[in-house]
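Structure, as structure tokens:
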């Protein structure tokens, strides 16, 4: 165990990882989403593709727990269950693709996807059709594939729920339940496929402690009346993270 802790503590870019996780925790605690879009570009710039996904899952495992009871009360667990059906089907395929991509290609992919998704969020694009059960499962499948391949499960579900008429508190709670369930499933699949890296798990769990505190603080700051201002700040932080994560900065 001491060797594992020593290896975790000697990870390159540790300061950047800690800073990204704390900021991401504040964002997620307030809005219920966005943390993966902040953490992954930074993680992809200092870790291998598989390690970056493992780090994200481990870091985010503890953070949402203090808000879990309220999320279960305010959310719609049945809808989250439909999303998870799709996740179970598609997540292994995403992990298979992840294990075959180069670190540099992964860095460009992550930053590009984050910037594209951010552009869609900022533009106000919304799905205008009917939110059927089949569409919900399909959205979960897309989120599952993105989880395995990029560690970013939230954006497809964000787009889906932003088209709904659900209250913002219910949407926020559903995001929290969905993202936590995805993290737990991801751990199980990583272990079963032999892709688990225990040093990165330990590192993520240790950094998950300040992430938990930041999540709690963000939840305390939650005020529907201030949502527009906070989302603007979140968008700026997400964009900065994507730019910092571009492979062009390596070696500079």
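The values are calculated or read from the model by the stated rules, or taken from the named source; none is laboratory data. Fair warning: this is a prediction, and the values are worked out from it, not measured in the lab. Reconstructed Cβ throughout: ideal geometry from the backbone, glycine too, with neighbour counts over all protein chains shown.
Filtering 142, 120, 160, 135 for residues that are part of a helix (DSSP H, G or I) and under 21 Å from residue 99 (Cα atoms) leaves a single hit, 142.
Residues that are part of a helix (DSSP H, G or I), more than 19 Å from residue 236 (Cα to Cα) and out of contact with any helix residue (DSSP H, G or I) (no Cβ under 8 Å at 6 or more places or on another chain) do not occur anywhere in region 84-104. Does residue 201 satisfy the criteria of being surrounded by fewer than 19 Cβ atoms within 10 Å (Cβ to Cβ), within 19 Å of residue 58 (Cβ to Cβ) and either at pLDDT 80 or above or within 19 Å of the chain's Cα centre (by Cα) (or both)? Spelling it out, it is not the case that residue 201 is surrounded by fewer than 19 Cβ atoms within 10 Å (Cβ to Cβ), within 19 Å of residue 58 (Cβ to Cβ) and either at pLDDT 80 or above or within 19 Å of the chain's Cα centre (by Cα) (or both). Every listed requirement among (1) surrounded by fewer than 16 Cβ atoms within 10 Å (Cβ to Cβ); (2) under 17 Å from the mean Cα position of the chain (by Cα) is met by residue 114 save one, (1).
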